[in-house]
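The block underneath contains the structure these notes are about, expressed in structure tokens.
A short reminder: the numbers here are calculations on the coordinates, not readings from a lab. None of these values were measured; they are calculated from a predicted model. A quick note on method: Cβ atoms are made from the backbone with ideal geometry, for glycine too, and the neighbour counts reach across all protein chains shown.
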Amino acid sequence: MLDQRACGILLHPTSLPGPGGIGSLGADARRFVDLLQAMGMRYWQVLPLSPPACGNSPYSAFSAFAGNPLLIDLEQLIAAGDLPPSVDQANVPEDRVDFGAVIEQKGRLLRQAAVTFLQQPTTERLQEFHRFCTETPWLQDYTLFMALKQRYGGAVWNRWPSEAACPKPEIRQRLLAENRDEIAVQSYLQWQLFRQWQGLRQYANQRGVAVIGDIPIFVGYDSADVWSRRELFLLDEQGAPQVVAGVPPDYFSATGQLWGNPLYDWQRMEQDGYCWWADRFRCLFEQFDLVRVDHFRGFEAAWHIPAHAETAVQGAWVKGPAERLFDALQQQLGTLPIIAEDLGVITPEVLALRDRYGFPGMKILQFGFDAELDNRDQPHNHVRHGVVYTGTHDNDTSNGWYAARSGAERDAMHAYLGTLPGNGADDLIRAALMSVAATAIIPLQDILGLGSEARMNIPGTPFNNWEWRFCWEMLPTDLAATVRGRLKRYERLCQEDV
């Protein structure tokens, strides 16, 4: 799919406009798809749709399989009769996502919709719901986990009573029965989320827009995955991590990044042919046209940090499964539509693993013009089989980045690009569109020329991230025509429009 010159926009659904304090999968999402089509874009890239846990990050989630119920469009629930038409969605801020307020208000409305639906007599919708529950293999673990988390006041699972933290089969059956009502509510939310997502994705595909998803390599400790499959992770006998994930000191942090995720017991996973990973990728391939694999290098070697370390400085690279995993995935799933996030400390072994399977890698233009980094991300080092970004969700916006550069760095960038000082984002967008890389992805913030106030995430900081939203009034009336003209100039118009 990534073999023809094309372009896409990076925007997480939470950043969409609309009522309720957070973007959803409703009318504004479809309007955004229409905008992509009008621009001539081929791709919409999103962040993980996972239910966020610590810090509201989609990369630290309660499940590697489940979706975020906060993305559910309430208007569709109203149309289906699960909520009354008079429901009030106006009591939360609209300019940024206030997760606390959204969780409280929207969570209450979602629960109200679930109860209303579950009390109805047998209907075709109820039958569809039961099929979803029966045919979704990860659902029971996740819904029981969330029910128990609510039962025990939101505590991390290793602080639950021992019979719930590590239930034996007979205890598990009792817990399922005791929490049946809450499990049904949680199941309804996942059913609605995924049926709405598939409807939105179909809408996009019909308009020539493919959707790129994102899979975090690691999962959160406080997740249904670790709770239900402890044997797959490097935990001690009490269920505590022996080592945790992160990266050594890098561009973003002098002390490295201490993510805190548990690490995998790859030897144990290999014993059953990496079935958990096959299930995970299969689930993602059913949701997206392509999937960006975050921290791809972790499959070749991961940074293991002692569990009680205060920073990521004290760690060691430990070899991962590499080709053994991807050979197994190819055998079980066939072609793997993957983009490899090959950023950071990259070794020849990582590049060889990426190239062995023909996965396109990534280039970040901001990195190419930073004096602290080498120039491997500058356009003359790009390759056709790759994806070029002005920046990602972890970078500042391009105008924010440009404003923070030294005079010497700006001069060097303009000398390289042959441009005059002024609009950093516009220069990087032009460089991305000119790149030999077949695929260019541009954050919407850069398309709109926004500054650091629109940054999505600052790595290593636990608060005030993932909150940015745009509004339709930010878009110039001639935006679609202007972007479309630029894509045509650089032969990146969606093929359906040429």
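Key figures for this structure:
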| quantity | calculated |
| --- | --- |
| Pairs of Cα atoms farther than 11 Å apart, region 262-308, % | 75 percent |
| Unit Cα scatterers, Debye sum, region 351-498: log10 I(q)/I(0) for q = 0.10 Å⁻¹ | -0.37 |
| Normalised contact order of region 31-117, rounded percent, pairs of Cα under 8 Å and 6 or more residues apart | 19 percent |
| J(HN,Hα) series, region 403-420, from Karplus relation 6.51 cos²θ - 1.76 cosθ + 1.60, nearest Hz, glycine and proline x | 5, 8, 6, 6, x, 5, 5, 5, 4, 5, 5, 5, 5, 5, 7, x, 10, 9 |
| Radius of gyration and Dmax over the Cα atoms of the chain, both given in Å | 22.7, 71 |
| Percent RCO, i.e. relative contact order, over the chain, from Cα pairs under 8 Å lying at least 6 residues apart | 19 percent |
| Estimated D of region 15-117 in µm² per second, where Rh is the Kirkwood radius over Cα pairs and Stokes-Einstein applies at 4 °C, 1.567 mPa s | 88 µm²/s |
| Dimensionless Rg ratio for region 211-318, taking C-alpha atoms and the 2.2 N^0.38 Å reference | 1.11 |
| Column: log10 I(q)/I(0), Debye, Cα scatterers of region 434-498, q = 0.16, 0.20 Å⁻¹ | -0.72, -0.94 |
| Over region 347-424: Rg over Rh, Cα atoms, Kirkwood Rh | 1.02 |
| All Cα pairs of region 94-247, percent lying beyond 26 Å | 41 percent |
| Charge context of Leu258, other residues only, Cβ under 14 angstrom, K/R +1, D/E -1 | -2 |
| Principal axis dimensions, largest first and in whole angstrom, of region 99-149 by Cα | 34, 25, 16 |
